[in-house]
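Asks: Dropping the structure in here first, questions after.
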Amino acid sequence: MSIVNDWRLNGQEEYLTGKNLIYRRWVSHSINSKHDHCIFCWEKFSDYEGDLHMGYVTEDKRYWICPKCFEDFYKIFGWSVKENGETD
């Protein structure tokens, strides 16, 4: 895979190449989790005004990707997307 020179890229190709992503609303999955960050640019996902509320997440709900970084990197990483908008 050819990776462009971009400050947001820090080895994510090792664990995100070819992943299936889900486009969905962000929801907290633990009492201790009030937000998540885009794994590339660190934009914040939360329920708070001004933060992102929708984005792309891996099927295990571990890694969030903001819409901007998704658009910039989806071809390089070879992602496929399921747009179901699930909330749990």
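The values are calculated or read from the model by the stated rules, or taken from the named source; none is laboratory data. Every value quoted in this text rests on a predicted model; they were computed, and no experiment measured them. We place every Cβ from the backbone using ideal geometry, glycine too, and count neighbours over all the protein chains shown. For the accessible areas, the whole protein counts, side chains as well, though only heavy atoms, and no ligand, DNA or RNA atoms are used. Shrake-Rupley method; radii C 1.70, N 1.55, O 1.52, S 1.80 Å.
Asks: Pick from the range 27-49 the residues that are out of contact with any strand residue (DSSP E or B) (no Cβ under 7 Å at 6 or more places or on another chain) and closer than 25 Å to residue 6 by Cα: which of them is least open to solvent (accessible area, probe 1.4 Å)? So that I can check it myself, show each step before the final result.
Replies: Taking the range 27-49 and keeping what is out of contact with any strand residue (DSSP E or B) (no Cβ under 7 Å at 6 or more places or on another chain), we get 27-34, 41-42, 46-49.
Checking the rest, the ones that are also closer than 25 Å to residue 6 by Cα come to 41-42.
Details: 41: 37, 42: 156 Å².
If we take residues in the range 27-49 being out of contact with any strand residue (DSSP E or B) (no Cβ under 7 Å at 6 or more places or on another chain) and closer than 25 Å to residue 6 by Cα, then 41 is least open to solvent (accessible area, probe 1.4 Å).
Asks: Of the numbered conditions (1) under 14 Å from the mean Cα position of the chain (by Cα); (2) open to solvent by 80 Å² or more (accessible area, probe 1.4 Å), residue 72 satisfies every one except a single condition; which is it?
Replies: Unmet condition: (2).
Asks: OK, next. Residue by residue through the range 59-88, note down the ones that are within 14 Å of residue 28 (Cα to Cα) and modelled with pLDDT under 95.
Replies: Hits for the range 59-88 are 60, 61, 62, 86, 87, 88.
Asks: Given the options 62, 24, name the one that is basic (Lys, Arg) and either in contact with a helix residue (DSSP H, G or I) (Cβ under 7 Å, 6 or more places away or on another chain) or open to solvent by less than 40 Å² (accessible area, probe 1.4 Å) (or both). Lay out the reasoning, then the answer.
Replies: Details: 62 fails: either in contact with a helix residue (DSSP H, G or I) (Cβ under 7 Å, 6 or more places away or on another chain) or open to solvent by less than 40 Å² (accessible area, probe 1.4 Å) (or both).
Testing whether each residue is basic (Lys, Arg) and either in contact with a helix residue (DSSP H, G or I) (Cβ under 7 Å, 6 or more places away or on another chain) or open to solvent by less than 40 Å² (accessible area, probe 1.4 Å) (or both) leaves just 24.
Asks: Please indicate, with yes or no, whether at least one residue in the range 13-21 is among the basic types (Lys, Arg), in a loop (DSSP other than H, G, I, E, B) and either in contact (Cβ under 8 Å) with a residue 60 or more places away in the chain or open to solvent by 30 Å² or more (accessible area, probe 1.4 Å) (or both). Don't jump to the end; show me each part of the working.
Replies: Taking the range 13-21 first, the residues among the basic types (Lys, Arg) are 19.
Filter once more, so that each one left must be in a loop (DSSP other than H, G, I, E, B): 19.
If we keep only those that are either in contact (Cβ under 8 Å) with a residue 60 or more places away in the chain or open to solvent by 30 Å² or more (accessible area, probe 1.4 Å) (or both) too, we end up with 19.
The answer is yes; a qualifying residue exists.
Asks: Restricting to the range 22-50, name every residue that is under 10 Å from the mean Cα position of the chain (by Cα), assigned to a loop (DSSP other than H, G, I, E, B) and β-branched (Val, Ile, Thr).
Replies: Result: 39, single match.
Asks: If you check every pair at least six apart or on different chains, which have Cβ atoms under 6 Å apart with a residue in the range 54-82 that is in contact (Cβ under 8 Å) with a residue 40 or more places away in the chain and in a strand (DSSP E or B) first and a residue that is surrounded by 13 or more Cβ atoms within 10 Å (Cβ to Cβ) and basic (Lys, Arg) second?
Replies: Here the result reads 58/19, each pair linking the range 54-82 to a residue that is surrounded by 13 or more Cβ atoms within 10 Å (Cβ to Cβ) and basic (Lys, Arg).
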